[in-house]
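*Asks:* Take a look at the following structure, please.
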Amino acid sequence: MDMRVLDFAFESSLIEAIGQGLPLVSRPYEAIAKQLCCSEAKVIEGIQRLIQRDDIKRFGVVVRHRALGYRANGMVVWDIPDSRIEELGHRIGRYDFVTLCYQRPRRQPDWPYNLFSMIHGRDQSDVCKQVELIVEQCELQQIKYEILFSGRCFKQRGAIYSRTAGPISQPRVAVNG
Amino acid sequence: MRQYSPIEQRLLNDFQHGLPLSPTPFADIASELGVYETTVLENLKRLQTEGVISRIGAVFRPNRVGASTLAAMMVPEQDLETVAAIVNDFAEVNHNYERNHRFNLWFVVVANDEESLQATLQEIESRSGIKVMDLPMEQDYFIDLGFKMQWT
């Protein structure tokens, strides 16, 4: 059989195993290896490869923001001039309270925004303060933005890269424009 | 929210990325914190049982497989729950939130390929009678180093 096919099959089962989380035992990689019928070294190398390839963005403790008291999540959408999107995208994506930062297409005339960043905070005013900090430090005073807070959650299902949290009802406050 | 011990705080904050890839990662963490391996394991188990930690493992790059997009709809307030239920009916939808904007319904759609993704969006439009705004990710600028907690 083609080695690439075997590698792919192995990687798929490894991804499934580590996506669910490591078992909390002294030798977790060995435990996964037993499950996949391979060596401990092969599991560790496989994870290293996925990290190098950037298929794994982060490998460690995954916390639930909401359970730790970070109840507000604001999606901040920015109308960044195309010439500055890369510079500002990287800059905003680096703040430690920003948990996602994506460029998406504008949909004129309804939707002028091309940069989306997710910000978690203890409450809405906390989120607003973080946004003001970004505006000040990156000198975005001329840039149009809006903060969309989440209201009711109608569905949340575990996409493995999901980092947002469960149902809440929050006062619907329109924040600037 | 309860108070967290110094060990718990460090476990929650300092190991969100770069978990050791040695055969004994928890013993490595223990020696860094100056405690026993069993203490690390017990604390992690408790935090996981309490739901503060969802798992210790990998966060994958989005769009690694298949096609996905963020979609938004402008729904009349009185129809929001009905339309949300229509959207939820699709297995391809995996997050669906109300947000405080004239675009008040936001959801993520994941499909095997671009063609079936577009077909799903069209089907949502035709069943709800409301236009769907399709906002696929074009560039990812996020550096994931975990989320720094403020313990004050």
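*Asks:* Non-local amide H neighbours of A:LEU115 (under 5 Å, H modeled in plane, Pro and chain starts lacking H): which ones?
*Replies:* It is A:TRP78, A:ILE80, A:ARG104, by chain and number.
*Asks:* Taking amide hydrogens as modeled 1.01 Å from N in the peptide plane, which residues meet the under 5 Å criterion relative to A:ILE56, leaving out close sequence neighbours?
*Replies:* Under 5 Å from the amide H of A:ILE56 lie the amide H atoms of A:ILE51, B:ARG61, each far enough along the sequence or on another chain.
*Asks:* Right, something else. Can you list the HN-Hα couplings for the range A:26-37, worked out from phi with the Karplus curve (6.51, -1.76, 1.60; θ = phi - 60°), rounded to whole Hz and with x for Gly and Pro?
*Replies:* 4, 10, x, 6, 5, 4, 5, 4, 4, 4, 9, 6
*Asks:* Then there is this: In this model, which of A:LYS57/A:LYS129; A:LYS57/B:LYS131; A:LYS34/A:LYS155; A:LYS42/B:LYS148 are farther than 30 Å apart at the alpha-carbon? The partial results should precede the final answer.
*Replies:* Numbers: A:LYS57/A:LYS129 27 Å; A:LYS57/B:LYS131 34 Å; A:LYS34/A:LYS155 35 Å; A:LYS42/B:LYS148 32 Å.
Correct reply: A:LYS57/B:LYS131; A:LYS34/A:LYS155; A:LYS42/B:LYS148.
*Asks:* Continuing with this model, one more query. Within the range B:109-152, name every residue whose backbone N is under 13 Å away from a label modeled 7 Å from Cα of A:ASP96 along the Cβ vector.
*Replies:* B:145-152, by backbone N distance to the label point.
*Asks:* Under 5 Å between amide hydrogens, which residues at least 5 positions from A:SER150 or on another chain qualify, with H placed 1.01 Å from N in the peptide plane?
*Replies:* Amide H to amide H, under 5 Å and 5 or more residues apart or across chains, A:SER150 pairs with A:ASN73, A:MET75.
*Asks:* Here's something else I'd like to know. Under a GNM of chain B (C-alpha, springs under 10 Å), which listed residue has the highest mean-square fluctuation: B:GLU37, B:GLU50, B:GLU123?
*Replies:* B:GLU50
*Asks:* Please label the shape of the range A:66-149 as rounded, prolate or oblate, based on the square roots a ≥ b ≥ c of the eigenvalues of the alpha-carbon gyration tensor (a/c under 1.5 means rounded; beyond that, a/b larger than b/c means prolate, else oblate).
*Replies:* Details: a/c = 1.89, a/b = 1.57, b/c = 1.21.
Cα axes put the range A:66-149 in the prolate bin.
*Asks:* List the residues of the range A:47-90 whose backbone N lies under 19 Å from a point placed 7 Å from the Cα of B:GLU138 along the Cα-to-Cβ direction.
*Replies:* A:76-90
*Asks:* With unit charges on the beta carbon (Lys/Arg positive, Asp/Glu negative), name the residue among A:GLY89, A:LEU100, A:GLN142 whose Cα is farthest towards the positive pole of the charge dipole of the range A:1-148.
*Replies:* So the residue furthest toward the plus end is A:LEU100.
*Asks:* Modelling each spin label as a point 7 Å along the Cα-to-Cβ direction, I'd like the B:MET1/B:VAL35 distance in nm, to one decimal.
*Replies:* The two pseudo-label positions are separated by 1.9 nm.
*Asks:* Same structure, new question: So, in Å, what gap is there between the alpha-carbon centers of the range B:44-76 and the range A:81-143?
*Replies:* 20
*Asks:* For A:HIS120, A:HIS90, what ranking results if the residue with the fewest other Cβ atoms within 10 Å of its Cβ goes first?
*Replies:* Working: A:HIS120 23, A:HIS90 14.
Taking fewest neighbouring Cβ atoms as first place, the list is A:HIS90, A:HIS120.
*Asks:* One-quarter of the Cα convex hull surface for the range A:61-100, in nm²? Don't jump to the answer; show the numbers that get you there.
*Replies:* Numbers: hull surface 14.1 nm².
The orientation-averaged projected area of the Cα hull of the range A:61-100 comes to 3.5 nm².
*Asks:* What distance in nm separates the simple spin-label points at B:ASP14 and A:PHE8, each placed 7 Å from Cα in the Cβ direction?
*Replies:* Taking the two extended label points, one gets 4.3 nm.
*Asks:* I need the P(r) histogram for the range B:67-135: all alpha carbon pairs, bin width 5 Å from 0 out to the longest distance, whole percents.
*Replies:* 4, 19, 34, 27, 12, 4, 1
*Asks:* Something else: Using only Cα positions of chain B, each an equal point scatterer, no hydration layer, compute I(q)/I(0) via Debye at q = 0.10, 0.13, 0.14, 0.18 Å⁻¹ and quote the log10 values to two decimals.
*Replies:* Debye output, listed in q order: -0.57, -0.79, -0.84, -1.00.
*Asks:* For chain B, what's the relative contact order in percent, using C-alpha pairs closer than 8 Å and at least 6 residues apart?
*Replies:* Computed value for chain B: 24 percent relative contact order.
Throughout, read-outs are computed from the coordinates displayed, never taken from laboratory work. On a predicted model such as this, the values are computed, not experimentally measured, just so you know. For neighbour counting, all protein chains shown are included, and Cβ atoms are generated from backbone atoms with ideal geometry for every residue, glycine included.
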